[in-house]
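Every number in this text was worked out from the coordinates using simple rules, so none of it is lab data. Since we're looking at a predicted model, the values are computed, not measured. Because the Cβ atoms are built from the backbone with ideal geometry, glycine has one as well, and the counts that use them run over all protein chains shown.
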Amino acid sequence: LFVNYTNTEGDTVIARYQATADRGEVELATANILLTIPQPFANHNGGQLQFGPDGYLYIGTGDGGSANDPLGNGQNINVLLGKMLRLDVDSGDSYTIPADNPFVNNPDARPEIWAFGLRNPWRFSFDRSTGDMYIADVGQNAFEEINHEPAGSGGGFNYGWNIMEGFHCLGRGDCDQTGLILPIAEYSHQQGCSVTGGYVYRGKQFPALNGVYLYADFCSGKIWGLRLGGEPVELSEMPSGVLDTDLTISSFGEDEAGEVYLLSFQGEIYQVVSQ
């Protein structure tokens, strides 16, 4: 069992625990800390980890917090904050660096980095059909964004923070967008305040949603669908009662059949079902 948590000092810890034979319990004494990432501020310290289709462990990290990334961590490839990391955890008690990580031969970069330029990636996922990665990145004051990385890209993408927020230059009229990967979609804070990324739907209950990326807003409770290329899904295609909710949606889940679940901040789990 791999866990991403915040320790009592406020730092991010990636740890491995050993489950019992029946997988019913995890012994805390089996904890093996793989990575500790110092955090300069008290926000953007949470995160997610998930195994990719390639068998490597991906870890999303926030930029360290405060506002507007004052330390410039998002664009600094020599720190692990504001990044997507990619680790090989199959060898022994520690981790190794996959040989094809994009910065593995760059002495001025951390080799764990797979992608950078992220503010606070609040849920990422892989399309179980294509292997593409989708990253929902929480914005600062104006825009939330959805990023897309095709399978087999080779990594190294710069998603633009803190140069840009969504499709917009941050705090300036113009900015140098050279080398930046712009999002496939954004929404303004007139529609919500904090994006929660979901999954590309590959279940059987809603055939019209096949291949649609589902995501939500934590504050408004709204759920949207998006096709690759940024094409929004018509409301009539969305399951009844799902588009607008009164939930504070903090995460999504996906089962083996490709069906989708919602997790609320209050600790409740909801399954999206047909009526």
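Just one of the listed residues (Leu263, Leu247) is aliphatic (A, V, I, L, M) and either over 29 Å from Phe51 (Cβ atoms) or in a strand (DSSP E or B) (or both), and it is Leu263.
Is it the case that Gly10 is of a type in the set (Gly, Ala, Ser) and part of a loop (DSSP other than H, G, I, E, B)?
Criteria met by Gly10.
Against the numbered list (1) more than 25 Å from Thr96 (Cβ to Cβ); (2) surrounded by 13 or more Cβ atoms within 10 Å (Cβ to Cβ), Leu35 comes up short only at (1).
In this structure, does Gly225 turn out to be outside any loop (DSSP other than H, G, I, E, B), in contact (Cβ under 8 Å) with a residue 12 or more places away in the chain, crowded, with 21+ Cβ neighbours inside 10 Å and on the phi < 0 side of the Ramachandran plot? Yes; evaluated as a whole, the condition is true for this residue.
Scanning region 65-115 for residues that are part of a strand (DSSP E or B), over 14 Å from Gly154 (Cβ atoms) and either touching a residue at least 12 places away in the same chain (Cβ under 8 Å) or aliphatic (A, V, I, L, M) (or both) yields Lys83, Leu85, Leu87, Asp88.
Among the residues of region 180-207, write down those that are assigned to a strand (DSSP E or B) and polar (S, T, N, Q).
Going through region 180-207, the residues assigned to a strand (DSSP E or B) turn out to be 180, 185-188, 195-200.
Listed by number, the residues that qualify are Ser188, Thr196.
Here the condition is being under 22 Å from Gln18 (Cα atoms) and out of contact with any Lys or Arg (no Cβ under 6 Å at 6 or more places or on another chain); of Gly64, Gly55, Gly74, Gly60, it holds for Gly55 alone.
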